[in-house]
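Written below as structure tokens is the structure these notes are about.
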Amino acid sequence: KMGEGVMGMSYTNTSPLVVPTRAKECTLGTNPISVSAPANNGDSFVLDMATSAVALGKVELHHRQGNSIPEGWGCDSSGKLSTDPAKVLEGGGLVPIGGSEATGGYKGYGLGMMVEIFCGILAGAQYSNKIRVWKVTDKVANLGQCFVALNPKCFAPNFQDRMSDLLHIHRNLEPVS
């Protein structure tokens with residue numbers, strides 16, 4: 001079958017909910033990244049993650065419950081990290097994976113931009129703050145997606161064996177006590 005043994009990658013951009021490192025305005029979405037790589041015997045590596053530190057729903061849940069949020073989830077309207085979910089939801093925004101610049105938030109910012117390039121610019125869809133705001137439905141969001149399929153047989157030999165070994169190594173690390 002064509003699909004068996006193929007690696008897959010998919011991305012989508014989303015409404016601007018994320019404030020880039022050193023900024024105050026939401027100009028990126030949570031811009032999820034998904035990757036899958038097959039190993040032996042039906043095993044595989046699967047990654048499905050947002051490029052923001054957390055999903056917006058987690059901030060909303062903490063707000064409804066009257067709880068603070070961990071530092072590094074979001075920022076207020078001046079771009080400063082905040083543990084107050086109301087400040088994040090009302091004029092602030094989520095922050096990229098890594099949180100602040102000091103803790104590597106620029107890496108999440110870079111990943112979010114990568115998704116924006118593939119899904120907004122390359123796909124000819126809306127991008128950045130040109131995408132409608134979350135929960136506003138008066139216009140089409142016109143989000144973009146990117147799907148990539150790679151046949152490992154076109155690269156180094158024994159991909160699935162090597163993939164199984166990689167998974168074995170990481171599943172059998174001695175845990176911290």
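Observations on the structure shown:
- Scanning segment 64-81 for any residue that is surrounded by 15 or more Cβ atoms within 10 Å (Cβ to Cβ), assigned to a helix (DSSP H, G or I) and of a type outside the set (D, E, K, R) turns up nothing.
- Meets criteria (surrounded by fewer than 22 Cβ atoms within 10 Å (Cβ to Cβ), part of a loop (DSSP other than H, G, I, E, B) and either of a type in the set (Ser, Thr, Tyr) or modelled with pLDDT of 95 or more (or both)) for Pro16: no
- Residue match in segment 111-123 (condition: in contact with a strand residue (DSSP E or B) (Cβ under 8 Å, 6 or more places away or on another chain), assigned to a loop (DSSP other than H, G, I, E, B) and at pLDDT below 95): no
- Taking first residues from segment 117-146 that are loosely packed, with under 15 Cβ neighbours inside 10 Å and partners that are not in a loop (DSSP other than H, G, I, E, B), the Cβ contacts under 7 Å between residues at least 6 apart in sequence or on separate chains come to Leu122/Cys146; Gln145/Ser10; Gln145/Tyr11; Gln145/Thr12; Gln145/Cys119.
- Applying the set (1) modelled with pLDDT of 95 or more; (2) under 26 Å from Arg171 (Cα atoms); (3) out of contact with any Leu (no Cβ under 6 Å at 6 or more places or on another chain) to Val35 leaves exactly one unmet item: (3).
- Qualifying residue in segment 51-61 (condition: in a loop (DSSP other than H, G, I, E, B) and out of contact with any Ser or Thr (no Cβ under 8 Å at 6 or more places or on another chain)): yes
- Against the criterion of being among the polar types (S, T, N, Q) and either free of Cβ contacts under 8 Å to residues at least 40 places away in the same chain or more than 30 Å from Lys153 (Cα to Cα) (or both), Ser10 does not qualify.
- Residues satisfying the stated conditions in segment 82-103, i.e. of a type in the set (A, V, I, L, M, F, W, C), surrounded by 13 or more Cβ atoms within 10 Å (Cβ to Cβ) and not in a strand (DSSP E or B): Ala86, Val88, Leu89, Val95, Ile97
- The number of residues in segment 159-177 being more than 16 Å from Val46 (Cα to Cα) and either among the aromatic types (Phe, Trp, Tyr) or surrounded by 10 or more Cβ atoms within 10 Å (Cβ to Cβ) (or both) comes to 1.
- Residue list for segment 125-162, filter: out of contact with any Lys or Arg (no Cβ under 9 Å at 6 or more places or on another chain), of a type in the set (A, V, I, L, M) and assigned to a loop (DSSP other than H, G, I, E, B): Ala125, Ile131, Val133, Val136, Leu143
The values are calculated or read from the model by the stated rules, or taken from the named source; none is laboratory data. The shown structure was predicted, so the numbers you read here are calculated from the model rather than taken from an experiment. Every residue, glycine among them, receives a Cβ derived from its backbone with ideal geometry; neighbour counts consider all protein chains shown.
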